[in-house]
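In what follows, a single structure is set out as structure tokens and then discussed.
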Amino acid sequence: MTDATGLLARYERMAVIRRTEKAAHDLFLRGLVKGTTHLAAGQEAIAVGASAALRPDDYVFATYRGHHHALARGATPEECLAELMSRATGLCRAKGGSMHLTKAATGMLGSYAIVGSHLPMAVGAAWSARLRGTEQLAVAFFGDGATNIGAFHESLNLAAVWKLPVLFVCENNLYMEYTPIADVTAVPRPAADRAPAHGIPGEVVDGNDVEAVEEAVGRLARRARAGEGPAVLEAETYRHFGHSRADPAAYRPAEEVERWVKHDPLDLARGRLAERGVAEETVTGADERARALVERAVEAARAAEGPDPREALTDVWADGGAAWRT
Amino acid sequence: MADVITYREAVAEGIAREMRRDASVVCLGEDIGAAGGVFKTTTGLLTEFGPERVWDTPISEQAIVGAAMGAAMTGMRPVAEIMFSDFLACCWDYLANEIPKVRYMTGGQVTVPLVVRTANGGGLGFGAQHSQATENWALTVPGLKIAAPATPADVIGMMAAAIRSEDPVVFFEHKALLATKGPPPPPGHVVELGRAAVVREGADVTLVALASMVPLALKAADVLSGEGIEAEVVDLRCLVPLDAATVLASLRGTSRLVTVEENPYQGGWGATVVSIVADEGFGLLDAPVRRVAGECVPLPFADALEEQVIPTVEKVVAAVRSLAAY
Ligand SMILES: Cc1ncc(C[n+]2csc(CCOP(=O)(O)OP(=O)(O)O)c2C)c(N)n1
């Protein structure tokens, strides 16, 4: 369990993520963010709890629903929003967009939009860490829907037979795009129930409880670093918004939504802070800092320049260009 | 070292030379270790480099290439084997969506220096799912370099260049060439990717060929020489980077062009070469261009049928004759 100061810091990071997601949604509706967004509001505790348990040099791989991981892993709201708004100051210089937020310098090795594709990459990063003898860990975050794709099973098996330091963290938000995972999966816990079949432990955690996530990831990470191999952690959670874009998520029963909204990760952390004697003004102060940070980020991103059109033909090859002929 | 080396031995020798030179080079694939590869193209690697550098994998094409990708992103130089090039379809996501796009979509933050090796092509009666020439699949994706050597010396020299490349390279080893022999190149031999070779000089027609089509084109050139037609044979060696300059230079001397490719006419690489010539070398031509390519059918089993479908010496000779008479 973290102390009150630690929990307050995690709370503030979650508040920053929540505000950034709200800002992204708002900017999207106003036509200032092109394409689409997959918001993770409601799932912040997984990113923040896991990050708190990781070393700064560990590797993280995320899905197109990866804003929270980029932000938890050191990207600033300004860099992320600038990327969403197609600005030259964006994380990927406006070549990635919402679905590909990446900050390699802090170990956030990318967000991938083909469901399940990044799981083998995380296995490879863990393999590389072992070959280089660095004791780094690789973590792949993915949705419940990804557990039915072949790459999931290939990754678990390979990681298990090679005993690699990799954690597979499933964010089970109960839905794929619009279909409940339970309708298309033969076991109740899509990730955790299958882990033992591949010879690795599968645990379930309350994904809205930042401290529980941190504890579980920390424990499984220590085990993996000690050479005991990979693990699957299934974090139960819920997304506040629809799957993407302006999806109102009308397919979800009202009682279900109500139950999960009451179990909000920020509220939960706020309650814990009160229990531990942290004054309400202190928590409000953290909220206030988060609000101000994200407001400044929106302004700065809006004011930033767009990319130089010549950038469209750079970065394909190591020489910086895109020429396919000598 | 012996004064001749087979193409298959050259594969292992080429990899071994790089593994001796650079400790970050590691190999993975099905049966590549103790078994030495199903085509015996990795014989001796496990003995010399041990199981920490030569890894046998499960039958998990997505995990093999995906893990190689993750390892390449984090400091290793993996050489992944996909047993038959037909099986690239099982991990096509990695070749089409992940590996070639990461440098670009992360704005240059993440790079993927790896080699995917695979046994390509027909002529051995393996049937429709083990005989395809698939180099044109890779050609459709910006961001992959494509090497397809025709001689043992080129296998070693191009392997060196591929493994040292900061860009991802798909390395096609032709099954029909595995038993062919040639002089082994000296230590330190590197063939820069994207440099075609004029392997026979001639003034009447340019034959552009790749991999197993190079010796076939040379045989056709011998037949034609008996008829008084001197063909210049260009071994393209790589599809990306593509050495269009050498093709155009040859055409300046011959003014007639025939491409000889094993992949199907429909979407084959010859179409790309021919379109460059139409764009930039139209004035050099004294006759229409011809493409001798695979028929647009799945590869049949019987030799007599397979010969109907993939290029033969007779088909190349006939195409050239039709141009000479033009
Ligand atoms: C291979 C592949 N198939 C389908 C899609 C379309 N798609 C995008 S997100 C999604 C649902 C994924 O659900 P889940 O893994 O639970 O993740 P969540 O969106 O809930 O975070 C689908 C089907 C895709 N991107 N990739």
**Message:** When you scan region B:42-50, do you find a residue that is in a helix (DSSP H, G or I), within 13 Å of chain A (Cβ to nearest Cβ) and at negative phi, even just one?
**Reply:** yes
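Report whether or not A:PRO248 is surrounded by fewer than 12 Cβ atoms within 10 Å (Cβ to Cβ) and at pLDDT 95 or above.
Numbers: surrounded by fewer than 12 Cβ atoms within 10 Å (Cβ to Cβ): yes; at pLDDT 95 or above: no.
Taking the combined requirement at face value, the residue does not satisfy it.
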**Request:** Count, please, the residues in region A:63-97 that happen to be open to solvent by 10 Å² or more (accessible area, probe 1.4 Å) and within 16 Å of the ligand (Cβ to nearest atom).
**Result:** 6
**Prompt:** When you look at B:ALA150, is it touching a strand residue (DSSP E or B) at 6+ places or on another chain (Cβ under 6 Å), in contact (Cβ under 8 Å) with a residue 12 or more places away in the chain and closer than 25 Å to B:VAL320 by Cα, yes or no?
**Reply:** yes
**Item:** Breaking point among (1) free of Cβ contacts under 8 Å to residues at least 24 places away in the same chain; (2) within 22 Å of A:LEU91 (Cβ to Cβ); (3) over 24 Å from the mean Cα position of the chain (by Cα); (4) away from every other protein chain (no Cβ under 14 Å), for A:VAL316
**Value:** (4)
**Request:** Output the strands (runs of 3 or more DSSP E) that fall wholly within region B:165-210 and possess 1 or more residues being at pLDDT 95 or above and buried (at least 22 other Cβ atoms within 10 Å of the Cβ), or say none.
**Result:** B:169-174, B:205-209
**Message:** Checking the condition open to solvent by less than 40 Å² (accessible area, probe 1.4 Å), within 16 Å of the ligand (Cβ to nearest atom) and charged (D, E, K, R), which residue from A:GLU177, A:GLU256, A:GLU236 passes?
**Reply:** A:GLU256
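How many residues, within region A:118-147, are open to solvent by 10 Å² or more (accessible area, probe 1.4 Å), away from the ligand (no atom under 11 Å from the Cβ) and in a helix (DSSP H, G or I)? It would help to see each step written out before you state the result.
Taking region A:118-147 first, the residues open to solvent by 10 Å² or more (accessible area, probe 1.4 Å) are A:130-136, A:143, A:145.
Filter again for away from the ligand (no atom under 11 Å from the Cβ), leaving A:130-136.
Next cut, in a helix (DSSP H, G or I) only: A:130-132.
Selection size over region A:118-147: 3.
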**Prompt:** Among the numbered criteria (1) surrounded by fewer than 24 Cβ atoms within 10 Å (Cβ to Cβ); (2) more than 8 Å from chain B (Cβ to nearest Cβ), which single criterion is violated by A:GLY150?
**Reply:** (2)
**Prompt:** Does any residue of region B:63-75 turn out to be away from the ligand (no atom under 16 Å from the Cβ) and in a loop (DSSP other than H, G, I, E, B)?
**Reply:** yes
**Message:** I'd like the full set of residues that are in contact (Cβ under 8 Å) with a residue 60 or more places away in the chain and buried (at least 24 other Cβ atoms within 10 Å of the Cβ), limited to region B:104-133.
**Reply:** B:ARG117, B:ALA119, B:ASN120, B:GLY121, B:GLY122, B:SER131, B:GLN132, B:ALA133
**Complete:** With criteria (1) closer than 24 Å to A:ALA125 by Cα; (2) surrounded by fewer than 20 Cβ atoms within 10 Å (Cβ to Cβ); (3) free of Cβ contacts under 8 Å to residues at least 40 places away in the same chain, A:VAL187 comes up short on (1)
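Going by the conditions given, is A:GLY42 within 15 Å of the ligand (Cβ to nearest atom) and open to solvent by 30 Å² or more (accessible area, probe 1.4 Å)?
Numbers: within 15 Å of the ligand (Cβ to nearest atom): yes; open to solvent by 30 Å² or more (accessible area, probe 1.4 Å): no.
So A:GLY42 fails the test.
Go through region A:9-33 and report how many residues are part of a helix (DSSP H, G or I), touching a Lys or Arg at 6+ places or on another chain (Cβ under 9 Å) and not basic (Lys, Arg).
Narrowing region A:9-33 to residues part of a helix (DSSP H, G or I): A:9-29.
Narrowing the set further to residues that are touching a Lys or Arg at 6+ places or on another chain (Cβ under 9 Å) leaves A:11-12, A:15-16, A:19, A:27-28.
Retained after the next criterion (residues that are not basic (Lys, Arg)): A:11-12, A:15-16, A:27-28.
Residues meeting the conditions: 6.
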**Complete:** So, first residue without any contact (Cβ under 8 Å) to a residue 60 or more places away in the chain in region A:31-57, second residue within 13 Å of the ligand (Cβ to nearest atom), Cβ within less than 9 Å, six or more apart or across chains; the pairs are A:SER51/A:HIS69
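Can you tell me which residue in region A:262-289 is surrounded by the most Cβ atoms within 10 Å (Cβ to Cβ), limited to those that are free of Cβ contacts under 8 Å to residues at least 24 places away in the same chain and under 22 Å from the mean Cα position of the chain (by Cα)?
Of all residues in region A:262-289, those free of Cβ contacts under 8 Å to residues at least 24 places away in the same chain come to A:262, A:267, A:271, A:274-275, A:279-281, A:284-285, A:288.
From what's left, under 22 Å from the mean Cα position of the chain (by Cα): A:262, A:267.
Values: A:LYS262: 9, A:ASP267: 12.
Going through the qualifying residues, I end up with A:ASP267.
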**Prompt:** Conditions: (1) more than 19 Å from A:ALA23 (Cα to Cα); (2) free of Cβ contacts under 8 Å to residues at least 60 places away in the same chain. A:PRO248 meets all but one. Number of the miss?
**Reply:** (1)
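The values are calculated or read from the model by the stated rules, or taken from the named source; none is laboratory data. Every value quoted in this text rests on a predicted model; they were computed, and no experiment measured them. Note that each Cβ is placed from the backbone with ideal geometry, even for glycine, and that neighbours are counted across all protein chains shown. In case anyone asks, the SASA skips ligands and DNA or RNA and just uses the protein heavy atoms, side chains included. Shrake-Rupley method; radii C 1.70, N 1.55, O 1.52, S 1.80 Å.
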